[in-house]
Amino acid sequence: MQLRVFNTLTRKKEEFVPIKPNFVGMYTCGPTVYKPATIGNLRAYVFMDELRRVLEYDGMKVKSVMNITDVGHLVSDGDEGEDKMQKSAKETGKTPLEIAAAITAQFMQDIDALNIKRPTVCPKATDNIPEMIEIVKALLDKGYAYETEDGIYFSVEKFPSYGKLSGVNLEEQRHGARVEVNSFKRHPIDFALWKKAAPNHIQQWDSPWGRSFPGWHIECTAMGVKYLGERFDIHTGGVDHIPIHHENEIAQGESWLGHQIVNYWLHNEFLLVDGGKMSKSLGNNYLLSDLQDRGFAPLVFRYFCLNVQYRQKINFTWDALAAAKTAYEKLCSQLVAHKNSPVKTDAAILDEYKAKFEEAINDDLNIPLAMGVLWTMLKLPKSKDVYNLALKFDKVFALDFDKVKEEPKAAVEIPNDIRALAETRLAARKAKNWAESDRLREEIANRGYVIKDTADGYEITLK
Ligand code: AMP
Ligand code: ZN
């Protein structure tokens, strides 16, 4: 089955043809590790993972590179404001290195919990400073960049196709009110390749331009080319990166090497909360741990993400997440019923479902449609053959279908306070305090859980 993907660069769904047969080089803009990843950020990485899994399902070997941005990402995506790492260091009293290490570790835990395959390489920006300096030097030598009092800037007017990814128009931008004017720049959307550091700037390196630090955009060009070569297949990121970050990556990278580097640009739409942007002030910058604290297992969030195609916005509400949890549990219990049935299913019927599934995933990753195929297939008479085919589908879904048991435990994360009540009740039972044990059973029931006594303790399920 031929995979087709929507290429932001051409604004069309195109057949995906890798540069080398059966091998895909894929770069993803990684997290800026100054604060924990939100569930919005995590949607971007669920998408990265789905893409990789579909490519692998199709028999390709994928080299996936995801950088860790631990310097250079300023508070605005343009060149204004403080470095996010520096700001966080000031606020917490920790060093950027300490912050980056802790946040990266947390991020890796989150992606593991979401069954997101770890990328083949996760290079840190701070480990690739010399590579970035070489590119900036080359851009200066070729006349694409110029030095100012506060840094080295890329001159967008030297790159005639600037704007080809997002459709921005240089002239409109020149007069546009949205671009903040930095008096050092020749054109308002020229962007910083390199920034000269003030003496109190924490992260700074020696460079031909004195003590300084990299611009955010140059990081991805340097690490993409270093690990994937001068031409590679796919670059992914969220839609917010199209107009500035990725446009700039294209301009500086293609000017440096003199040719196109990336063939397919794929972007995921945003996750919204209650129909709007997530924001600190609204207190809805949710993390995966916030979901877990409310009793939602990470894979429920993955299931939630898979039910919306990556180019559509997804609206997060607690009700919608609860509905995803119910559906996921139902899916798991149906899988169990198939797993335990010795009945055979006609191979031709299974082939039909497999073909429909493959058609859906290869149509620009229509995972919701593929999930629909699974749901319909589960309505077939119960059969282990159906379960086995679902396991094959799960190479793409990654929802732990191989772990389903009588109780879909993967889906039911028991909150800590309910566990505490259950432990207190167990102690009461051991002390033969039946009245207290009954009272606790009722309290647990009132909170939506059922506790059953077993030979070695108890079992908790959802009501
Ligand atoms: P950052 O750590 O800010 O560089 O973002 C990491 C990734 O998350 C980038 O690919 C962003 O485009 C993406 N992203 C940020 N916010 C959201 C959101 N609300 N929904 C989906 N993706 C997002
Ligand atoms: Zn990037």
**Prompt:** If you scan the stretch 430-463, which residues turn out to be over 26 Å from PRO298 (Cα atoms) and buried (at least 18 other Cβ atoms within 10 Å of the Cβ)?
**Reply:** SER437, LEU440, ARG441
**Asked** Pairs under 7 Å by beta carbon, first residue over 18 Å from LEU271 (Cα atoms) in the stretch 23-43, partner within 15 Å of ligand 2 (Cβ to nearest atom) and acidic (Asp, Glu), six or more apart or different chains?
**Response** VAL33/ASP70
**Asked** Would the stretch 51-61 turn up any residue that is within 16 Å of ligand 1 (Cβ to nearest atom) and crowded, with 20+ Cβ neighbours inside 10 Å?
**Response** yes
**Asked** Under 6 Å by Cβ, and 6 or more places apart or on different chains, what pairs join a residue from the stretch 229-245 that is closer than 25 Å to ASN169 by Cα with one that is part of a helix (DSSP H, G or I) and within 10 Å of ligand 2 (Cβ to nearest atom)?
**Response** HIS245/HIS217
**Prompt:** Is it the case that the stretch 326-336 has a residue that's in contact (Cβ under 8 Å) with a residue 40 or more places away in the chain, open to solvent by 10 Å² or more (accessible area, probe 1.4 Å) and either basic (Lys, Arg) or within 25 Å of GLY238 (Cα to Cα) (or both)?
**Reply:** no
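Regarding the stretch 248-271, can at least one residue be identified that is in a helix (DSSP H, G or I), away from ligand 2 (no atom under 16 Å from the Cβ) and either acidic (Asp, Glu) or at negative phi (or both)?
Going residue by residue through the stretch 248-271, those that are in a helix (DSSP H, G or I) are 248-257.
Keeping just the survivors that are away from ligand 2 (no atom under 16 Å from the Cβ) gives 255, 257.
Filter once more, so that each one left must be either acidic (Asp, Glu) or at negative phi (or both): 255, 257.
There is at least one residue in the stretch 248-271 that is in a helix (DSSP H, G or I), away from ligand 2 (no atom under 16 Å from the Cβ) and either acidic (Asp, Glu) or at negative phi (or both).
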**Message:** Out of everything in the stretch 240-260 that is closer than 25 Å to LYS313 by Cα and open to solvent by less than 40 Å² (accessible area, probe 1.4 Å), what residue ends up being nearest to ligand 1 (Cβ to nearest atom)?
**Reply:** HIS241
**Complete:** Within the stretch 190-199, the residues that are more than 12 Å from ASP83 (Cβ to Cβ) and either open to solvent by 30 Å² or more (accessible area, probe 1.4 Å) or basic (Lys, Arg) (or both) are LYS196, PRO199
**Item:** Matching residues, the stretch 226-247, being β-branched (Val, Ile, Thr), within 12 Å of ligand 2 (Cβ to nearest atom) and not in a strand (DSSP E or B)
**Value:** ILE242, ILE244
**Prompt:** Name the helices (runs of 4 or more DSSP H) wholly within the stretch 313-424 that hold at least 2 residues that are closer than 30 Å to LEU440 by Cα?
**Reply:** 318-339
**Item:** Scan of the stretch 16-28 for residues that are near ligand 1 (Cβ under 8 Å from one of its atoms) and either open to solvent by 10 Å² or more (accessible area, probe 1.4 Å) or touching a Leu at 6+ places or on another chain (Cβ under 6 Å) (or both), ordered by number
**Value:** none
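The values are calculated or read from the model by the stated rules, or taken from the named source; none is laboratory data. Fair warning: this is a prediction, and the values are worked out from it, not measured in the lab. So basically every Cβ, Gly included, is an ideal-geometry build from the backbone, and we count neighbours across all protein chains shown. The accessibility values were calculated without ligands, DNA or RNA, using every heavy atom of the protein model including side chains. Shrake-Rupley method; radii C 1.70, N 1.55, O 1.52, S 1.80 Å.
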